[in-house]
Amino acid sequence: MARAAEESDDGALRLLALLAEGAPVADVAAAAGTADEQVRELALRVASAREVHRRREAGLSALLETARALASESDTGQVLDAIVRRARALLGTDLTYLTLHDPEHGDTYMRATDGSVSAAFQSVRLELGAGLGGLVASTRKPYWTADYWHDERFRHTSDIDGAVSEEGIIAICGTPLLVENDFVGVLFAANRSPRPFTREEVGLLGNLATLAAVTLVQTRALADAESALAALSEAHETVRQYADGIERAAAAHDRFASLVLGGGSVDDLTHAVVELLGGWAALVDEDGAVRSATPGAVVPEVFPELGSGRVVESGDVYGLAVATADERLATLFVGGAGELGDADRRTVERAGVVTALVLLFERQAADARQSARNRVVSELVGARGPAEDRVQLARSAGTDVESPYCLLVLRGDVGASTRALALSATAATGEGALVGAHDGDVVALVPGTDPDALARTVASRVGRRGEVTVSGVGPLTGVDAVPGAHEEAVRTVAALVALGHRGRGAAATHLGFAGLIVGADPDVAAYVARELGPLLDYDERRGTDLVGTLGAWFEAGRSPRHAATGLHVHVNTVAQRLERIGALLGSDWQEPERSLELQLALRMRRLLATP
């Protein structure tokens, strides 16, 4: 008896020592064999209680660590991945996964997994009420099973069972993610072998789910706040840009308005556009001529069709049609300023409107000046009033009729604008000339002494914008010569058109025999000298008779043999003389028109020689 009591006391001491050391329940149970039954039972209860407390303490520590880890995450995806990783580590299961509620479809979908190997399982959707997860989602209560396949509490579906089977899951525990009364999703822990889940494990998973739900909602709220802040920042930037645009528009309006009120030109406007936007600007009229351009301007040869009042972009160049309600006046090009925003485009459009106004003002002023010139030209051509008054009238228009000048008549195509022709002629004849419309033609009094050269020059310059025929008479002095010169010039321009020389310029003296007909004072001797001068000079220097040979050749029907008979020389002599004649007169001397002029000159020469 004493020995048994002694052994019982020793066993009790060993149990106390193990409990003091914090030994596991298994070690305490192994050492409790010799102890008193009441002592053994009490020791196991103490060890079990300590084990429970230890697990709870470990769980709480893990939850705190998890909370700290989740607090450092700001991305929703990273938060969800962290939750399933922590849950798997704490419960020691084969895999964990999390589904989120989809209010639009009325189900939950797989959002994050850890330990999963099946693609089908990772993309499965759980209908509310179907499977273990669907039951958790519909009831918002935790459910767990050690053997999913033989548990009749759950409604099995082919889609869910197929995904669970492919993953090889047998034991499942699911707990809802709730924030107050809002259902967020379901957190699962699963095993590929039968495993009972303790209430402590279910509670730990529930705590994780609660922590995860709160963190997820906070993360979403943070994301929403960041999105709202970004939207607010974007709205603020939009308002700032709009305010800047208004400020720039106001500056452009003030700049353009001051230019118009100060009588600014289109050159001032194009430079103002560059001052406001940078780069370069150019204004091109409807004929393709550059009216104004700033340094560095590169006018595009080809550009897309321009609509009225709207900027069109092509590469790094912007174009705008400068137009009135019913007429296009010019095109404004802007480039080298980078990409133009809405405010800058409005600045260009405003510049186009102001440019149209300035062009209309210039046109009205030009029309007024031209109307005054037209009256002066009509007074001079009609010889109305005393000569002294007409001289003063010409001087008031900027022309000195007391110095040598030539009178030109310009005739455009049928239907051509006389106004436009007069403006073009004014630009072509330059300073000191007087240009005006009269009886459907344009008349110009131009300083100079060579009417033929002036007529050809003006026809070439004005003809760039449309075919125009120009006749010239002169040189003239005084106002009294104007009416007669005008009549001769009108006849000459009509002769040019009739002879097929439309679009050319010439004086009556350069029309050949036709000039003798239309000229006011025909100079037959000058005509003969112009046509036969090279032959007459040669005969005079060499003592030959090339003029006579030419006349005989024409009279013989252009037959060298018959001409030789009439001249009483050898036919080879006639052939040699004809070669010399061709060298002196030029290669076209036998052409029909030139040949006719030569024959007429020969006849006029004989008439002049007749007493």
Seminar exercise, completed: Given the conditions (1) in a loop (DSSP other than H, G, I, E, B); (2) touching an Asp or Glu at 6+ places or on another chain (Cβ under 9 Å), every one holds for residue 149 apart from (1)
For this session: Could you pull out the residue among 166, 234, 226 that is in contact with a Ser or Thr (Cβ under 7 Å, 6 or more places away or on another chain) and open to solvent by 60 Å² or more (accessible area, probe 1.4 Å)?
Result: 166
Problem set entry | Unmet criterion (only one of (1) over 60 Å from the mean Cα position of the chain (by Cα); (2) at pLDDT below 80; (3) not basic (Lys, Arg)) for residue 534 | (2)
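Taking the condition in a strand (DSSP E or B), among the charged types (D, E, K, R) and within 22 Å of residue 343 (Cα to Cα), does residue 275 pass?
For residue 275, the condition - in a strand (DSSP E or B), among the charged types (D, E, K, R) and within 22 Å of residue 343 (Cα to Cα) - is not met.
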Problem set entry | Scan of the range 84-97 for residues that are touching a Leu at 6+ places or on another chain (Cβ under 8 Å) and open to solvent by 20 Å² or more (accessible area, probe 1.4 Å), ordered by number | 86, 88, 90
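When the residues of the range 566-577 are filtered to those that are modelled with pLDDT of 80 or more and part of a helix (DSSP H, G or I), which remaining residue is most open to solvent (accessible area, probe 1.4 Å)?
Ranking the qualifying residues of the range 566-577, first place goes to 576.
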Problem set entry | Matching option when the condition is among the β-branched types (Val, Ile, Thr), open to solvent by 50 Å² or more (accessible area, probe 1.4 Å) and not in a strand (DSSP E or B), among 348, 353 | 353
For this session: Please list, ordered by first then second residue, the pairs with beta carbon atoms under 7 Å, 6 or more apart or interchain, first in the range 182-201 and open to solvent by 60 Å² or more (accessible area, probe 1.4 Å), second aliphatic (A, V, I, L, M).
Result: 192/169; 192/170; 194/146; 194/170; 194/171; 196/146
Seminar exercise, completed: Condition set part of a loop (DSSP other than H, G, I, E, B) and of a type outside the set (A, V, I, L, M, F, W, C), scope the range 333-345, selection nearest to residue 263 (Cα to Cα): answer is 336
For this session: Go through the range 106-142 residue by residue and tally those that are small (Gly, Ala, Ser) and open to solvent by less than 30 Å² (accessible area, probe 1.4 Å).
Result: 10
Exercise. So which of 389, 326, 342, 367 is in contact (Cβ under 8 Å) with a residue 60 or more places away in the chain and either more than 20 Å from residue 294 (Cα to Cα) or polar (S, T, N, Q) (or both)?
Worked result: 342
Exercise. Would you say residue 100 is at pLDDT 70 or above, more than 15 Å from residue 208 (Cβ to Cβ) and surrounded by 12 or more Cβ atoms within 10 Å (Cβ to Cβ)?
Worked result: yes
For this session: Have a look at 403, 424, 396, 460 and point out the one that is small (Gly, Ala, Ser) and at pLDDT below 85.
Result: 424
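This table checks each residue for (1) over 24 Å from residue 363 (Cα atoms); (2) open to solvent by less than 30 Å² (accessible area, probe 1.4 Å).
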position	(1), (2)
378	no, yes
393	no, no
400	yes, no
409	no, yes
430	no, no
434	no, yes
439	no, no
449	yes, no
For this session: Being under 15 Å from residue 394 (Cα atoms) and not acidic (Asp, Glu) is the filter here, so list the residues in the range 427-436 that pass it.
Result: 432, 433, 434, 435, 436
For this session: Would you tally the residues in the range 540-565 being surrounded by 20 or more Cβ atoms within 10 Å (Cβ to Cβ) and more than 17 Å from residue 595 (Cβ to Cβ)?
Result: 1
For this session: Please work out which one of (1) modelled with pLDDT under 80; (2) more than 19 Å from residue 78 (Cα to Cα) is the condition residue 227 fails and give its number.
Result: (2)
Exercise. Considering only residues of the range 248-307 that are polar (S, T, N, Q) and at pLDDT 75 or above, which is surrounded by the most Cβ atoms within 10 Å (Cβ to Cβ)?
Worked result: 270
Seminar exercise, completed: Residues in the range 103-131 that are modelled with pLDDT under 90, acidic (Asp, Glu) and touching a helix residue (DSSP H, G or I) at 6+ places or on another chain (Cβ under 7 Å) total 1
For this session: Answer yes if at least one residue in the range 363-372 is outside any helix (DSSP H, G or I) and within 18 Å of residue 443 (Cβ to Cβ), and no otherwise.
Result: no
Problem set entry | Within the range 451-498, considering residues that are open to solvent by 30 Å² or more (accessible area, probe 1.4 Å) and hydroxyl-bearing (Ser, Thr, Tyr), the one nearest to residue 378 (Cα to Cα) | 477
For this session: Give the range 543-557 a look and list any residue that's assigned to a helix (DSSP H, G or I) and of a type outside the set (S, T, N, Q), or say none.
Result: 546, 547, 548, 550, 551, 552, 553, 554, 555
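The values are calculated or read from the model by the stated rules, or taken from the named source; none is laboratory data. For clarity, every value in this text was computed on a predicted model and none was experimentally measured. Don't worry about glycine lacking a Cβ; one is built from the backbone with ideal geometry, like all the others, and counts go over all protein chains shown. SASA here: full protein model, heavy atoms, side chains in, ligands and nucleic acids out. Shrake-Rupley method; radii C 1.70, N 1.55, O 1.52, S 1.80 Å.
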